[in-house]
C-alpha cells in the first residue's frame with residue numbers, strides 16, 4: 001500500500017495558501033481553513049483527554065470502586081470513535097463536495113448522550129469548568145467544539161458548500177462533552193463545581209432634582 005503522506009514539508013504553503021483535497025488552493029485566512037484548524041485542534045484536545053484518562057490523572061477513587069484508570073478506559077473506545085469521526089469531518093471540509101458525516105455519526109453521539117446522562121443527577125444550577133483533571137480537559141474540548149461549530153456555521157453562512165450534518169455533529173459533540181465532564185467528576189468522587197451567584201450591586205441613586 002502506498003504511503004498517503006510521504007512528505008510533510010513541501011514549502012508550497014510558504015505563500016500563505018494551502019491545498020485542499022480536490023487540488024485547489026485557498027488562502028490560509030479563508031473560513032474553510034479556520035474550520036479545518038478548529039476541528040484539528042478539537043481532535044488534538046481529545047487526544048490529550050484520552051492520555052490523561054489512561055494515566056489515571058492522579059484523582060481519587062471513583063464511586064464505582066474501580067480504579068480511575070479503569071473508569072477512563074471505559075470511555076476510551078467512545079473517544080477514539082469520536083476522534084475518527086472528526087477526521088471524517090476534516091476530510092469533508094477539505095473537499096467541498098465530499099460527504100463523510102452520516103446519520104450514523106449522529107446516532108453514535110445521541111446514544112452516548114443518553115447513556116451518560118442516566119448516571120447523573122439533574123442539574124439545578126450552572127456548573128463551573130473544573131473538578132478532576134479529566135473533567136477539566138473535557139470542558140476545554142467542549143469549548144473548542146463550540147468554536148469549531150461557530151467556524152463551520154460561518155463557513156456555511158458565507159455560501160460555501162457545507163453539509164448541515166457537519167454542523168449537527170459538532171453541536172451534539174459539545175453537548176456530549178459537557179455530560180462526559182460531569183461523568184468524569186462523578187467517577188472520581190469530585191462533586192460538580194457549582195456557580196456561586198454574587199450579590200447584585202445596588203443601582204446608582206438618581207441625581208437630586
Within segment 116-132, residues part of a loop (DSSP other than H, G, I, E, B) and closer than 19 Å to residue 49 by Cα come out as 128, 129, 130, 131, 132
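A quick yes/no check of all residues on (1) at pLDDT below 95; (2) surrounded by fewer than 19 Cβ atoms within 10 Å (Cβ to Cβ):
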{"site": "142", "(1), (2)": "no, no"}
{"site": "154", "(1), (2)": "no, yes"}
{"site": "165", "(1), (2)": "no, yes"}
{"site": "177", "(1), (2)": "no, no"}
{"site": "189", "(1), (2)": "yes, yes"}
{"site": "197", "(1), (2)": "yes, yes"}
{"site": "206", "(1), (2)": "yes, yes"}
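State yes or no: is residue 135 at pLDDT 95 or above, assigned to a helix (DSSP H, G or I) and surrounded by fewer than 20 Cβ atoms within 10 Å (Cβ to Cβ)?
Working: at pLDDT 95 or above: yes; assigned to a helix (DSSP H, G or I): yes; surrounded by fewer than 20 Cβ atoms within 10 Å (Cβ to Cβ): no.
Answer is no for this residue.
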Cβ pairs under 9 Å, 6+ apart or interchain, first in segment 145-157 and on the phi > 0 side of the Ramachandran plot and in a helix (DSSP H, G or I), second surrounded by 19 or more Cβ atoms within 10 Å (Cβ to Cβ) and at pLDDT below 95, ordered by first then second residue, are none
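Collect the residues in segment 100-115 that are assigned to a loop (DSSP other than H, G, I, E, B) and either surrounded by 18 or more Cβ atoms within 10 Å (Cβ to Cβ) or in contact with a strand residue (DSSP E or B) (Cβ under 8 Å, 6 or more places away or on another chain) (or both), keeping them in residue-number order.
First, the residues of segment 100-115 that are assigned to a loop (DSSP other than H, G, I, E, B): 100-102.
Matches in segment 100-115: 100, 101.
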All-but-one check, residue 161 against (1) more than 29 Å from residue 55 (Cβ to Cβ); (2) in a loop (DSSP other than H, G, I, E, B); (3) touching a helix residue (DSSP H, G or I) at 6+ places or on another chain (Cβ under 8 Å), failing number (3)
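On the given criteria, is residue 79 within 14 Å of the chain's Cα centre (by Cα), in contact (Cβ under 8 Å) with a residue 12 or more places away in the chain and under 16 Å from residue 36 (Cβ atoms)?
Criteria not met by residue 79.
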Taking segment 29-55 and keeping only residues that are at pLDDT below 80 and surrounded by 14 or more Cβ atoms within 10 Å (Cβ to Cβ), one is left with 30
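The values are calculated or read from the model by the stated rules, or taken from the named source; none is laboratory data. Just so it is clear, the model here is predicted, and its values are computed rather than measured. Quick reminder, even Gly has a Cβ in these numbers, built from the backbone with ideal geometry, and neighbours come from all protein chains shown.
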